[in-house]
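The values are calculated or read from the model by the stated rules, or taken from the named source; none is laboratory data. Please read all numbers here as calculations on a predicted model, not as lab measurements. Methodologically, a virtual Cβ is constructed for each residue, glycine included, from the backbone with ideal geometry; neighbour enumeration extends over all protein chains shown. Just the protein is used for accessible areas: all its heavy atoms, side chains included, with ligands, DNA and RNA removed. Shrake-Rupley method; radii C 1.70, N 1.55, O 1.52, S 1.80 Å.
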Amino acid sequence: MINIHNPILPGFHPDPSIIRVDDDFYIATSTFEWFPGVRIHHSKDLENWELIPSSLNRVSQLDMKGAPDSCGVWAPCLSYHEEIYYLVYSNVKSFEPLWGQTPNYLVITKDLTAGWSDPIFLSNEGFDGSLFHDDDGRKWYLSLRLDEDSKNIFGGIILQEYGITEKRLIGEPEVIFEGTELGKTEGPHLYKINGYYYLITAEGGTEYDHAVSVARSKDIHGPYEASPFGPIVCTMHHPEWPLQKTGHGDLVDDGHGNWYVVFLTGRPLTTRGRCTLGRETAMEEIIWEEGWPKLKGPNDAPRVQIGKPNPKVAANTFDDFTSGSSLQFHWQSLREPIAKEWLNIGTGGLTLLGRQSLQSWENQSLIARRVMAFDIEVITELQFKPGSSEEMAGLVFYYNSGHYHYLHLTFDKGRKLKIITCDRRNEKVVAESPIIDGPIQLKGQFIRNAIRFFWKQAGGDWNAIGETLDGSILSDDYVQHDNGTYKAAFTGAFVGLCCQDLSDGGAIAQFKHFQYLENHS
């Protein structure tokens, strides 16, 4: 029996796709506008997971320049057949009614650590694509059909053959499943088990009615019968449960007769409240009853703890930029790969060339990592000599281009430290303090929904700047609902380092280190 403490991948890790290759397990998760695309974690025991360098890391694989917030990589599907790994993913360009652009691609590799091929275009029809390898040698592509004529956009699950020789989809797509009464059917994964084709889907939308549903058929083309037991995983009827929004699942067996389901989840700060850590990945045990997969727990709500208690180990890191030549895997950039034209690491530290503002969808000099716990502290040291108010550099808690809290150095009748809060793309300076020349250390604390900033200079003590800020605006739940209008928002809170020069004057900021500390007491 394995020991599981959910979530197994804390922080922004949604839409998990899992495979087993011999004794190795891999989970792929969505990254949206963050580069490189698709995070893949590896495990030998289903308990301990390690991020591996297996991502879409070239513009030829993933061109996201100009992509709106929460577009980019949606719902990757990882599969393996005859010594080849396959990865299907969407690179969403826009997601507006009647104007959605959701191209889907396939890349392959024989070695996950060696990188992926250039992409094969599959379809513009919908998103959340997956590839199924049938035992007769044929391969089938599944996805949501995007119903542009319907206000709910969910047009059922389509099936289309992938031509191995042609390296493209062949034949005509057919709708094989329109979903259950939960609606909003998406995220298909197909398996063949004991003579049945089992179709796993996400339903109910990716908020508090989310669910993992299952249907089956003797024929790959259907008709598919939904499980009489209802969803495999769903917490819509359990509002006090600590793991909420449970949906978008995938099944795996361990090779010893045991089955598991991975799925996304959110942990709200209050009952059905805001989830600042975004949508995370959790896991539960599966049993089979009358030929149908069900949770092993007492109902359709997943357990937080399975097996022996597993105290949470803090994922603390210290990045000494003066002693390395490359960034750790936990760092990501926005919409484009990190390039020496705007970022360098040397003996002096990490250097950022100032580029566009934090509201840009194109050229930002920003690197960030996920916030993965409800109580964190980060510290960095910055050397920066701004010459105008258009030059800025500092520490940012970031959700997207319209929501962030930014502590930064700039120039305003002298060198000043300021905090900008951006809420629904409206920026406001909420605190400022004059600062003498020289290096400065910046500290941020994010405890549940509260963010505080601090600073100090050589030989000094920590000084608080500004009041407590609302960290809960860095959540899907807040961003998705803008004065009653739904907005696509699917990521999570990040913390990062950045530099801007709105005059294109070549401002340079240098960071000596970055410390990330979690408190799980």
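Observations
- Any hit, the range 107-123, residues being modelled with pLDDT of 95 or more, open to solvent by 20 Å² or more (accessible area, probe 1.4 Å), out of contact with any Leu (no Cβ under 9 Å at 6 or more places or on another chain) and within 16 Å of Ser17 (Cβ to Cβ): no
- Filter result for the condition that a residue is touching a Gly at 6+ places or on another chain (Cβ under 9 Å) and not aliphatic (A, V, I, L, M), over Asn426, Asn400: Asn426
- When the range 456-497 is filtered for residues that are within 19 Å of Thr29 (Cβ to Cβ), outside any loop (DSSP other than H, G, I, E, B) and either modelled with pLDDT under 95 or of a type in the set (Phe, Trp, Tyr) (or both), only Phe494 remains.
- Criterion violated by Gly195 - all others in (1) of a type in the set (Gly, Ala, Ser); (2) on the phi > 0 side of the Ramachandran plot; (3) modelled with pLDDT under 95 satisfied: (3)
- Unique residue being open to solvent by 10 Å² or more (accessible area, probe 1.4 Å), of a type outside the set (A, V, I, L, M, F, W, C) and at pLDDT 95 or above when the list is Arg370, Arg355: Arg355
- Checked against the criteria, Ile473 counts as touching a residue at least 12 places away in the same chain (Cβ under 8 Å), under 30 Å from Arg272 (Cβ atoms) and either in contact with a helix residue (DSSP H, G or I) (Cβ under 8 Å, 6 or more places away or on another chain) or open to solvent by 20 Å² or more (accessible area, probe 1.4 Å) (or both).
- The listed residue being within 22 Å of the chain's Cα centre (by Cα) and either closer than 27 Å to Val262 by Cβ or outside any loop (DSSP other than H, G, I, E, B) (or both), out of Lys294, Lys312: Lys312
- Leu277 vs. criteria among the aliphatic types (A, V, I, L, M), open to solvent by less than 40 Å² (accessible area, probe 1.4 Å), out of contact with any helix residue (DSSP H, G or I) (no Cβ under 9 Å at 6 or more places or on another chain) and part of a loop (DSSP other than H, G, I, E, B): yes
- For the range 209-221, a tally of residues being surrounded by fewer than 22 Cβ atoms within 10 Å (Cβ to Cβ) and within 25 Å of Ser90 (Cα to Cα) returns 3.
- The number of residues in the range 138-159 being surrounded by fewer than 19 Cβ atoms within 10 Å (Cβ to Cβ) and either modelled with pLDDT of 95 or more or of a type in the set (Phe, Trp, Tyr) (or both) comes to 2.
- Residue list for the range 445-470, restricted to those being of a type in the set (Gly, Ala, Ser) and either free of Cβ contacts under 8 Å to residues at least 24 places away in the same chain or open to solvent by less than 20 Å² (accessible area, probe 1.4 Å) (or both): Ala450, Ala458, Gly459, Gly460, Ala464
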